[in-house]
Amino acid sequence: MTNPEIIELLQQDIRGEHQAIVMYLMHAYEVGESGLAAEIEAIAREEMRHLDWLADIITGLGGEPNMEPVPPDFTAAPLNEQMLKDVALEEGAAAQYREHIEAIDVPDIRLLLSRILHDELAHHGMFVKFVDEVSEMTSVIEKANAEGATLEPRTADILKQGVRHEYTVTLQYLFHGFMTKDKDLAEDWQNIAINEMQHMGWLSEALTARGGRPDFTHTPLVLTPDAETNLKADIAVERDVTKTYSRHIPEVEDPGLAELLERIRDHEIYHDNQFSGLLDQVEDEEHTAGCQPDTAAPSTTKKIPTVGSLK
């Protein structure tokens, strides 16, 4: 099997992992603050780890990871029906991994896919158990609505816009980290992506607690293999969202929500500073490399290791 053929199969897998991540997060937020929600989020984190491993293989084979999920099913439903969706998702994932293990003739890749398959089988069993556990539960959204919680439309719009932004930059920064061969730069991008995922979670939880639902759609992504281009795009998006959060904060009457937006806004200012420093480093390295005489010994390129799990 050729590398492009293997990449095509792995792209199917990475898109499936992405689908599972956002669906499981949505369902965890709907469960609300409980031990069960924490268990579902833990499964989502394992799917993030799978996505990371698959992206590492795809880039190693010369491909670019597909950052679009298989279309998720975000239809509102009772919690037990949501868990049944997750059971079905795991059954489909297990079947697909079995097919790909059989088709791919590269031992190391087959071994990794087998490792992921074992996780999916464990997840399947957990979601089967969750179906019964949530049968008598009411979603946090239904509970909020029953208690007369009112989510002012403008506040809902602000929170949803925040979720869309945080989801967008999480995907963008992960891709940029996947594509660089500099392991230190990759780690920096990944750490910032993890912080953006935290923001997405905070905003989603605030939204569902007030009877709303997160909007897991993203705006256009800047996806290039060039580190300098990517860093300039990341700086631009951080500066733009800092202005957006600053405009939104005075509009929010809930002191707790306003404080949350201020905290996220301050994180974005810090990210701008981080990316600006990284851009200076990349530009300095490129300038230094351009000044080297033609007779200089070729520099060795760092080989990026497996990035590791998203925490």
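Among the residues of segment 104-119, is any more than 18 Å from Ala38 (Cβ to Cβ), exposed (fewer than 13 other Cβ atoms within 10 Å of the Cβ) and acidic (Asp, Glu)?
yes
Identify, by number, the condition in (1) closer than 20 Å to Glu30 by Cβ; (2) touching a residue at least 40 places away in the same chain (Cβ under 8 Å); (3) in a helix (DSSP H, G or I); (4) not aliphatic (A, V, I, L, M) that His176 doesn't meet.
For His176, the exception is condition (1).
Looking at Leu117, is it touching a helix residue (DSSP H, G or I) at 6+ places or on another chain (Cβ under 6 Å), more than 19 Å from Tyr24 (Cβ to Cβ) and assigned to a helix (DSSP H, G or I)?
no
Would you mind finding the one in Tyr29, Tyr24 that is of a type in the set (Ser, Thr, Tyr), in a helix (DSSP H, G or I) and in contact with a Ser or Thr (Cβ under 6 Å, 6 or more places away or on another chain)?
Tyr29
Would you mind stating whether Ala77 is free of Cβ contacts under 8 Å to residues at least 40 places away in the same chain and buried (at least 16 other Cβ atoms within 10 Å of the Cβ)?
no
Any residue that is among the hydroxyl-bearing types (Ser, Thr, Tyr), part of a helix (DSSP H, G or I) and in contact with a Phe, Trp or Tyr (Cβ under 8 Å, 6 or more places away or on another chain) - is there at least one of those in segment 142-156?
The answer is no, given that none of the residues of segment 142-156 is among the hydroxyl-bearing types (Ser, Thr, Tyr), part of a helix (DSSP H, G or I) and in contact with a Phe, Trp or Tyr (Cβ under 8 Å, 6 or more places away or on another chain).
State all residues of segment 3-22 that are buried (at least 23 other Cβ atoms within 10 Å of the Cβ) and within 17 Å of Val87 (Cα to Cα); if no residue qualifies, say none.
Across segment 3-22, the qualifying residues are Glu17, His18, Ala20, Ile21.
Does segment 38-49 contain at least one residue that is surrounded by fewer than 16 Cβ atoms within 10 Å (Cβ to Cβ) and either of a type in the set (A, V, I, L, M, F, W, C) or touching a strand residue (DSSP E or B) at 6+ places or on another chain (Cβ under 9 Å) (or both)?
Checked segment 38-49: at least one residue is surrounded by fewer than 16 Cβ atoms within 10 Å (Cβ to Cβ) and either of a type in the set (A, V, I, L, M, F, W, C) or touching a strand residue (DSSP E or B) at 6+ places or on another chain (Cβ under 9 Å) (or both).
Which one of Glu152, Glu187, Glu205 is surrounded by 18 or more Cβ atoms within 10 Å (Cβ to Cβ) and not aromatic (Phe, Trp, Tyr)?
None of the other options fit; the residue is Glu205.
Read-outs throughout are calculated quantities, based only on the coordinates presented, and are distinct from any laboratory measurement. Just so it is clear, the structure is predicted and the values come from calculations on it, not from any experiment. A quick note on method: Cβ atoms are made from the backbone with ideal geometry, for glycine too, and the neighbour counts reach across all protein chains shown.
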